[in-house]
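No lab work stands behind these numbers, since they all come straight from the coordinates. In this text the structure is predicted, and so the values were computed from the model without any measurement. Here the Cβ positions follow ideal geometry from the backbone for every residue, glycine too, while neighbour counts run over all protein chains shown.
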Amino acid sequence: MRRRVYRELFASAREDGKLTVTNRIIVALILVSVTLAIVGTERDFVRGNPGLFRWAEFTFGLAFLVEYAARFWAAAEQPGPGGPWSKRFVWARSVFALIDLAVVIAALFPFVVTGAPVLRLLRLLRLAALLRFGRFSVALRELQGAVVERRYDLFVTGALAMVLLLGGATALHWAEGSVQPDAFGSIPRSMWWSIITLTTVGYGDVSPITPLGKVLAAMVALGGIGLVAMPTGIIAAAFSDAMQRVREREASGGNDS
């Protein structure tokens, strides 16, 4: 029975990575509960149906509590050294298990202690639990591997970005410090402008007004466009290559069978 529950709940227990019926039900519950948590922040909806929202929150909390208890019990079937209880405690310390526990507490605690509306927002963390199911978990592992594989490239681009960030702040402090002391009176103050310019956010609350400052700002902005695109392209290329290898492995496995 415990082995069957383990295979139903844990995606790592199946080589194909496909969702079981239980997994599909859990995914549906997660999506509905997250939608309810989002809608619940609108007072007009809650004011019109206070009892419905409270009972729905309590029901989802109980459902996720049952799921957490079932996972804790079935975690003893995980492969590897150690006894049943040691395997359970290893699972309980994992990231997704801690997220599940936080969501269960956030869902049920407001019914025990009043005045804890902030805890209800923690239920949105439940959406992160979708990453452990099927292809989501595969994609997450491949993304992590892509970042590790290209860590040197990312370090170089990050170092260049820091140089441009500090250089831009220094240049604008030199060109605009005496004209706009509140915004560019020091290098730390100029860093705010440099950050929003390099990230292409451009809030517009701080901008140079002198001709020299505008020329230097244009150079920093153009350099920022290239530096922001570089790590994005590096990670995208590595992730695409990794997912292509996954598809090739699945295709070769299907052909062999």
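A few remarks follow.
- With a Förster radius of 35 Å applied to the beta-carbon distance between A56 and W85, the computed FRET efficiency rounds to 0.50.
- Gain upon complete extension [Y152, D182; 0.36 nm per residue less C-alpha separation]: 7.0 nm
- FRET efficiency, 1/(1 + (r/R0)^6) with R0 41 Å, evaluated for R4 and F109 via beta carbons: 0.80
- Additional length obtainable on full extension of the chain from S207 to M162, 0.36 nm per residue less Cα span: 14.2 nm
- Estimated from the Cβ-Cβ distance and a Förster radius of 41 angstrom, the FRET efficiency linking V32 and I195 is about 0.60.
- Centre separation in Å (Cα based) which lies between region 37-69 and region 172-196: 48 Å
- At 1.002 mPa s and 20 °C, Stokes D of region 155-225 from Kirkwood alpha-carbon radius, µm² per second: 183 µm²/s
- Gain on full extension, evaluated as 0.36 nm per residue between R47 and L222 minus their Cα-Cα distance, stands at 58.0 nm.
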